[in-house]
Every structure is written in C-alpha cells, then in structure tokens.
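Each remark here refers to the structure printed beneath this line.
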Amino acid sequence: MLYYKQSVSETLHELDTSAAGLTTNEYKKRLEKYGSNQVRVKGEPLWRKIIEPFASVFMLILFVAAGISLLHHDMLDAIIILVIIFVTATIYYVQRFSTDRILRSLQKHTAQAVEVYRDGKSIQVDATQLVPGDVITLTEGEKVPADARLIAGSSVRMDESLLTGESVPISKTTGALRGDKEIYERTNLLFQGSFIVSGEATAVIVTTGNETEFGQLAALTQNINTASPVQEKIDKLISQIVAVVGGVAIVAFGLALNNGMELAESLKFVMALAVSAVPEGLPVAISVVLVLGMRRMAAKKALIRNMRAIETVGALTTIATDKTGTLTKNKLTVQEAWQPKNSTVQMTSVVAHAINHGSHKSHDPLDIALIDYVSAEKATVTNKPLSSLPFDQSVAMSGNIWHHGKSYQLMIKGAPEHVLSRSDLTDSEHEQATAALHHLTAQGYRVIAIAQTTLTKDITAFSDLSKKDTLEFIGFIAIADVLRPEAKRAVAAALKAGVSVRMITGDHFETAYHIAQKLGMVTDRSQVFDSRRMNVMTDEELTKVIDDIRVFSRVIPEHKYRILSILKQKHITAMTGDGVNDVPALANAHVGVAMGSGSQIAKDAGDIILLDDNFRSIIDAMREGRTIIANIRRMLFYLLSTSAGEVMAMLGAMMMGLPIPILPVQILWINLVTDTSMVIPLGLEPGEKNNMTQKPKPPNAPILSKLIIVRMILIAFSMAATALILYVTFSAQYGQDYARTIAFSALVVMQWSNAFNARSEYESIFTRIRVFNGKFYIGLTIAVTLQALAVFGPLQDLLHIHTVSIGDLMFTGAIAFVVPIIVCEIHKYFSRHLVRKNA
C-alpha cells in the first residue's frame, strides 16, 4: 500500500485505527497475524553448523591419520584419533552454544522502548511488540522502530542515511504526496532505522519486521561478523605458524624416513606433530574469552556493542568525558539565588515563567532543578505561555512569551555573559553583577542568569529581537550537580594507568576549574581552556595548546568534534556523548562511549554504552579490556611454548639418530587433554597488579612482544632438552618403551608447570599463586586425572604406555615440574628489571 499518497485520515481508515491507537484486544489479534516486529535475517543452515568443526585442515589431517591407521589394522590408534576428533567437535559445539546464548542475553540490554497509544493511553512497550496500526510518539534522538506514516509533528527532520546514504537531514510533513516517489522523496513516511534529528513526531505504524524497507534490505544479506583487531593479529600469527610448521613437517618426514621409520608411521607421526604444533583451537577459545569478557563488562554496566572495542579500550591514552551525569550524579539543585540590591522584582516568579514548558520527555536536569526550586517557593505557574523559544546556541538563551493585554512579556534564562551583555545595566550595576557571578562560579556553581523584557509583538526566535529590545536583568540562580563519590577514585585510576582524562563541559570557566580541582584533574588554571577562544584559532594554533589542557569549558557540540579530531592526532581516544549533536564525535572516536540514558542515535553510534552513565564504568571497561588482551597473550604463550617444546624434542631426537621419544597417539593425547583443559582457564585469569599501572600498548603493536617470544623460546628449549635427557638416560638403562613413557609423562608435567608460568607476565609464580583462580585449578585437576588414567588406568594399552616404577615417575616428574619454572623465573626477574629501567 502506498501510504504516502494517502492523507492522514485515509491512512488511519485503511489501517482500521485512530489517533487514540489500537485497543488491547485488537493489538493481540494483529500481533498473532503479523508476528513480532523483528527483522529476521536468513541464518546459517543447520548442516553447516554441524560440519563446521570438521571443516578445517587440522581435522583433515586427523582423518587422514585415522585412515592410515585403519589401513594398517592399527585399530586402537584409529579409535583414539576418532575419539579426539569427536571430543574436539563436542567442545566446539558446547562453546558455540554458550557463546550464542551469552550474546543473546547481552542483546536484551539494547532493547528499545517506544511510547505507543493503546486504549487511548500512552504506554511504553518494547519495539518488538509493535504492530501495523499502532500510534507512536518519537522525540529528538530516538530511532524509528518500524515504517510509519507521520500523522502529526512539529519541525520534524530525519537522518535516513542508513537507507539512502544521504547524510543531510530530511524535513518531514504530514500532507499526502502526488505521483510515484522514490524512498528519499517520501517526505511523510518515517523509515525503520532512521533517527529524528529534531522535532517531535506522532506516527502510525504501517509495516513491521521484514516488510519494512530496512527489513527487505537486510533480508538480502546475512550477518557478517567482522574480526576484532586481536583476532586479525592472531589469524596472521597462526598463518605464519602454519607456514613454519609446514616446513618443519617436511624436514621431520625426511628425518623419519632416514631413521628407518616406515612410510605409514612417518606420515602418522608428521601429521600428529603438525596438529600438535598449530594451536587450532585457539580462535574458538579466544571467542569464548572475548564474549565472557563482554558479559563481565555488561555486569559492570559497560555494554560492549562490538568486539573491536575490547582491544581499543585497553589501549586508550586519553578519555574525553562529559561532566554532567558521568562525573556527577546528574541531580541538579538550586544552591543560591542572587539579585541586585535595588531590585524589587520577585525572581522566583520570573524563573517560574521562564522554565521550559515542552513535553515531559524534553525536561532536562536544569529545568527539573528550577521546577523543584519554584515549587518549594510556591511560585508555580498553572497556565501555559503563548509560545516558547527553545534554547538558541548562538545567544545561549531560552524563554517563554506571555501575553498581557496589548503587550508581550518575554521571560528568559540563559548564560550570564550573554544576558548581561544585552541588559540595560549601568557600569556600576554591571560591575556588581560580574563580581557576584565570579563569587558564585568560584564555588563551583553553574550559574544561570534570569531576565525579562516587554515586547510589542510576538516573536518566534531570538533573532527577531531588535537592538532596542534590551533585557531587564533580574538576577542569578546558582545550581550545583553533586559529584559521584567514586568519580575522583576513577580519575586517579585512569591517570595511574597512563591515561589522561579531559573534562568537556558547557559550564563557566571558574565552575569547570573548581569541579576539576575536586576531581584531581587539574592543579592550576592554565589547564582549563575557554572553548570560545576556538572560534578565532586555527587548528595549528589549537594543536599547540590542547595537549596540556585537561578541562574544556563553554563547549558547544561543534567544539567537541574539533577537540576530538585534534586529540586523535596523538592519542587513542575515547569520547563520551548522549545526544544527537554528539554523534559525529562518537562515530569519529577510536572508542565512542554513549550514555545509557542518552538518545538512541547516540547509543547506536557508540562502541560502548554506559548503562549507569558512570565514569567509573569506563575505567572498569578499560581494566577489563587490558585483562582480556593480557589473557590472550597468556594463552598464546602457553600453547606456542609447549607445542614448540614438543616439536623441538621430536626433531632433536631424529637429528641425533634416536627413535622418536613420543608416539603420534601420545602427541595427540597431549594436544587434546592438557592443551584443551588448561587454555581457557588461562584466558579467564584475574588481572595482574600492574595491569592498571602500565602505559597502554599501541594498537598496532604485535600480539606477542619480543620479550615474551624470547621467553617462549627458552621454555621450549628447556622442555625439549629435559625430555631428551630423560629419554636418553632411561633408554640406556631400561629400554626404549620404558624411556618413552618417562619422556611422555615428563612433557605432560612440564605443560602443567608452564601453565603456572603463563599465569603472569612479570609476577613471580610464588607471588601469583596467592591470586586464586578456581577455573585454573579445575582445569588442572581434569588434566591430572586424565593423565593418571593414561599412565595407571585402562588407557595404558590405547596410548602404548609401559609400566614404570612410581619412584621414577615421581623423580622425573619433580625435575620436569621444576625446570620450566626455574627458567621462567630467571627470565621474569630480568624482565622486571628491564621494565623498571625503561620506566
């Protein structure tokens, strides 16, 4: 139906509804008919989900190895390999199910509430519960939840860039259109996914879900999950590892044949070695760690909208934050009122007549504070003004016009500097008012000037005032927003982490300075910048001074975007915002941080949504981001160093002309049991003590530093050397099978030992062991139990385990456990010394 060609009344008649909305019974019928208002994108087919864990080069290698074993009638080896394949697939299915479930629970935080008329009453419902015929109201910054026909509105302008690609706002009207129109020409329709840039709209829903223009567009595509920078770095690293392992496999295959190993055994050995050397399960493990990290952040009131933000928030070097609501409680109260000594006007009455009389949804904290003030003074107004002048940024004022007989009275509240400059004060009176203003702002108060003037006619904007229309200055209202008690500690934590904090506020210079002092952000006035100076400064001039600035006062939205652009030249920047005008800065920041109480468009533009509007939540997110990246490095260190140790032991033995110290099935056992049970617990380690005292690493830094790579090589070499020495020693005394079991057990124990090493980058194991991680010990218990079953239990024959004495196992196990720890502790000692020296 081409609703844009119909009038408002025709549209309502066609949809069998009215301006009062649907009845509850009719809504239920339509919900059953049309379904929920959700865009359903064609998902991944079930067959693909089932085969996905098997569709990898590693699984192919294992299947080939199993096939070779079956051809040579090695049933036990084949069964073990197949068990490993299906256990790995089961782990993948469980992890994917858990990940999807967590993501679905996180998505509930972003549900949009919409005001809709039902049974003639305005109520709030979830956007998914809308049906055709519902009448909704939307205000500035809100997202359109479904395609709708505008039936009433004032100065409605829409951002339809999501559909049309056109960033210029579109003005909307209620009249019917003639002729066929393209989407961007249908000026009486509101489309799902677009945003109200200005004005208030009442509209009737015409289509929902996949029937909307956005739904039809989305149905043509599937969800594309963009890899995070962390994942991209790891994918690159694994690709490099695969290339190296390919070369090593060729060398190992040649050495195996040269040492007299049969072709089939050589192939099985090389395949097992390749599977062990490449951490094929790492991408899945990292996805689990990242998603669980997102969930922990959400529990701390920081909702991450995309995984890319997790790494970036951990690399922040500066945070540009709003004051109101973020550093403060966003609960303004009037603290003091001041009037000139000779004034006879009752100021509370003028304040009552100057308060914004828009809809209840447009009340800002300032108006609420003034309403509470005049109510307490019993100066409330029951009638409505003739017209209202919304806040005009160019004159920093808002007001109401009241009609009294032949005259019109304009009651104004606005910025003190602007009001005083247009008032009819004498020099002495102006000096007196300025002194009072400085006294109030020096106490950290936000000061509002109150004024009035008599007009001969109604006006629609402040620009209609002539130069003769001077203002009668009434006085000042001093307002304060209480600081959040945790804000000062959060700012201190950021500064300690090497991240500068910059407050961006519309407050007066003195007010901003006073608040910043309380928060520990500034030490003197030179760190506070009056943003009005930006109007006469070039970007080059601003760049020279901005690095030392910690507070920007008298900021307007245009300033915010410019401040961000200059900060980004030298910093990894987070920018907070809550309104439509903040969207350009939020979208342009490395990390856009939207307020949970802010407009929907700001939340859609942000990478992180602070559900509690609290600055502390940014610091919590930053701490969590750093911990997650550090844990990913732990997993990489553990997997790569232990895998390299196994490979070096194998190659070393063959180069010395020795039989292989570990059989292919034993290599696969180590890869399945020890690696799988320990890697995810390492990814869930609590952060180290120095997590928030180190300077942030640049985003382009490699995932593993040279320091960690050197440590990995040392650990791998020590593991290989220990395993070979034990193998050679016991082989000479008790034979090859006995020595192979000793070497196999030693390598497993060295992996457990290395897991303790991996728990921290710099802290000694003896310090780190005091930090309890239950998941780590659960993983270790599983690994030890399964290894005991392999060595002493029913798995002996399957894994070709030879019976060995308990004394030899305990003796070699102690050596195997201690050697990696000693090597790592020595390296950590010199690492700590190097870090302190660089600091």
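The values are calculated or read from the model by the stated rules, or taken from the named source; none is laboratory data. The structure presented is a predicted model; accordingly, all values stated were derived computationally and were not measured. Heads up, the Cβs are rebuilt from the backbone with ideal geometry, glycines too, and the neighbour counts pull from every protein chain shown. Only protein heavy atoms, including side chains, enter the accessible area calculation; ligands, DNA and RNA are left aside. Shrake-Rupley method; radii C 1.70, N 1.55, O 1.52, S 1.80 Å.
Among the criteria (1) buried (at least 23 other Cβ atoms within 10 Å of the Cβ); (2) assigned to a helix (DSSP H, G or I); (3) in contact with a strand residue (DSSP E or B) (Cβ under 7 Å, 6 or more places away or on another chain), the one Gln666 does not fulfil is (3).
When the residues of segment 544-561 are narrowed to those that are within 20 Å of Leu586 (Cα to Cα), of a type outside the set (A, V, I, L, M, F, W, C) and assigned to a helix (DSSP H, G or I), which ends up most open to solvent (accessible area, probe 1.4 Å)? Ranking the qualifying residues of segment 544-561, first place goes to Glu558. Taken together, the criteria exclude Asn631 from residues that are at pLDDT below 85, closer than 25 Å to His827 by Cα and part of a helix (DSSP H, G or I). Kindly check whether there is at least one residue in segment 731-748 that is within 25 Å of Leu682 (Cα to Cα), out of contact with any Asp or Glu (no Cβ under 9 Å at 6 or more places or on another chain) and surrounded by fewer than 21 Cβ atoms within 10 Å (Cβ to Cβ). No: zero hits.
Those residues that are at pLDDT below 85 and surrounded by fewer than 17 Cβ atoms within 10 Å (Cβ to Cβ), I need them from segment 343-357; list them, please. Quick ask: steps written out before the conclusion?
Taking segment 343-357 and keeping what is at pLDDT below 85, we get 356-357.
Within segment 343-357, just His357 meets the criteria.
Of all the numbered requirements in (1) assigned to a loop (DSSP other than H, G, I, E, B); (2) of a type outside the set (Gly, Ala, Ser); (3) over 28 Å from Ala630 (Cα atoms), Tyr738 misses one, and that requirement is (1). Residues in segment 403-438 that are open to solvent by less than 20 Å² (accessible area, probe 1.4 Å) and of a type in the set (Val, Ile, Thr): Ile412, Val419. The test for being under 38 Å from the mean Cα position of the chain (by Cα) and not in a helix (DSSP H, G or I) holds for Glu763. The single condition among (1) open to solvent by 60 Å² or more (accessible area, probe 1.4 Å); (2) within 22 Å of Asn356 (Cβ to Cβ); (3) in contact (Cβ under 8 Å) with a residue 60 or more places away in the chain that Ile448 does not satisfy is (1). Would you confirm, using the coordinates I've provided, whether Gln432 is part of a loop (DSSP other than H, G, I, E, B) and either farther than 18 Å from Ile371 by Cα or in contact with a Phe, Trp or Tyr (Cβ under 9 Å, 6 or more places away or on another chain) (or both)? Here the answer is no, as Gln432 does not meet what is asked.
Just for segment 762-778: of the residues that are within 24 Å of Ala720 (Cα to Cα) and modelled with pLDDT of 90 or more, which one is surrounded by the fewest Cβ atoms within 10 Å (Cβ to Cβ)? Full working, then the answer.
Kept after step one, since they are within 24 Å of Ala720 (Cα to Cα), are these residues of segment 762-778: 762, 764-765.
Now drop any that are not modelled with pLDDT of 90 or more, which leaves 764-765.
Working: Ser764: 14, Ile765: 16.
Among residues in segment 762-778 that are within 24 Å of Ala720 (Cα to Cα) and modelled with pLDDT of 90 or more, the one surrounded by the fewest Cβ atoms within 10 Å (Cβ to Cβ) is Ser764.
Within the option set Ala587, Ala594, being in a helix (DSSP H, G or I), without any contact (Cβ under 8 Å) to a residue 24 or more places away in the chain and in contact with a Gly (Cβ under 9 Å, 6 or more places away or on another chain) holds for one residue only, Ala587.
When the residues of segment 590-599 are filtered to those that are modelled with pLDDT under 75 and open to solvent by less than 50 Å² (accessible area, probe 1.4 Å), which remaining residue is farthest from Ala302 (Cα to Cα)?
Ser599
Can you tell me which residues in segment 673-717 are of a type in the set (Ser, Thr, Tyr), under 22 Å from Phe756 (Cβ atoms) and either open to solvent by less than 40 Å² (accessible area, probe 1.4 Å) or not in a helix (DSSP H, G or I) (or both)?
First, pick out the residues of segment 673-717 that are of a type in the set (Ser, Thr, Tyr): 674, 676-677, 693, 705.
This time we only want the ones that are under 22 Å from Phe756 (Cβ atoms), so: 674, 676-677, 705.
Result: Thr674, Ser677, Ser705.
Here's a check for you: in segment 471-507, which residue that is in contact with a Leu (Cβ under 8 Å, 6 or more places away or on another chain) and assigned to a loop (DSSP other than H, G, I, E, B) is least open to solvent (accessible area, probe 1.4 Å)? So, considering only residues that are in contact with a Leu (Cβ under 8 Å, 6 or more places away or on another chain) and assigned to a loop (DSSP other than H, G, I, E, B), the one least open to solvent (accessible area, probe 1.4 Å) is Val499.
Screening the candidates Ala602, Ala630, Ala587 for the property of being small (Gly, Ala, Ser), over 30 Å from Ile713 (Cβ atoms) and surrounded by fewer than 22 Cβ atoms within 10 Å (Cβ to Cβ) yields one hit, Ala587.
Listed conditions (1) under 17 Å from Ser343 (Cα atoms); (2) modelled with pLDDT under 95 are all met by Tyr445, apart from (1).
Identify, from the list Leu809, Leu780, Leu786, Leu798, the residue that is over 32 Å from the mean Cα position of the chain (by Cα) and within 30 Å of Ile632 (Cβ to Cβ). I'd like the intermediate steps shown before the answer.
Details: Leu809 fails: within 30 Å of Ile632 (Cβ to Cβ); Leu780 fails: over 32 Å from the mean Cα position of the chain (by Cα); Leu798 fails: within 30 Å of Ile632 (Cβ to Cβ).
Unique residue meeting the criteria: Leu786.
When residues in segment 166-216 are screened for being under 19 Å from Tyr34 (Cβ atoms) and either modelled with pLDDT under 90 or open to solvent by 30 Å² or more (accessible area, probe 1.4 Å) (or both), 11 of them pass. Scan segment 149-164 and tell me whether some residue there is open to solvent by less than 20 Å² (accessible area, probe 1.4 Å) and modelled with pLDDT of 90 or more. Yes, segment 149-164 contains a residue that is open to solvent by less than 20 Å² (accessible area, probe 1.4 Å) and modelled with pLDDT of 90 or more.
Only one entry of Leu682, Leu611, Leu663 meets the criterion of being aliphatic (A, V, I, L, M) and modelled with pLDDT of 90 or more, and that entry is Leu682. Residue check: is Phe817 in contact (Cβ under 8 Å) with a residue 40 or more places away in the chain, open to solvent by 20 Å² or more (accessible area, probe 1.4 Å) and under 16 Å from Tyr638 (Cβ atoms)? So Phe817 fits the description; yes.
Within segment 303-329, being part of a loop (DSSP other than H, G, I, E, B) and either modelled with pLDDT of 80 or more or open to solvent by less than 10 Å² (accessible area, probe 1.4 Å) (or both) holds for Ala315, Leu316, Thr317, Lys323, Gly325, Thr326, Leu327.
Would you call Ile806 loosely packed, with under 12 Cβ neighbours inside 10 Å, more than 20 Å from Leu707 (Cα to Cα) and aliphatic (A, V, I, L, M)?
Details: loosely packed, with under 12 Cβ neighbours inside 10 Å: yes; more than 20 Å from Leu707 (Cα to Cα): yes; aliphatic (A, V, I, L, M): yes.
Criteria met by Ile806.
When Pro340 is tested against (1) assigned to a loop (DSSP other than H, G, I, E, B); (2) within 26 Å of Asp612 (Cα to Cα); (3) modelled with pLDDT of 90 or more, just one condition goes unmet, and that condition is (2).
Evaluated against (1) outside any loop (DSSP other than H, G, I, E, B); (2) of a type outside the set (Lys, Arg); (3) closer than 30 Å to Ile619 by Cα, Thr454 falls short on exactly one condition, (3).
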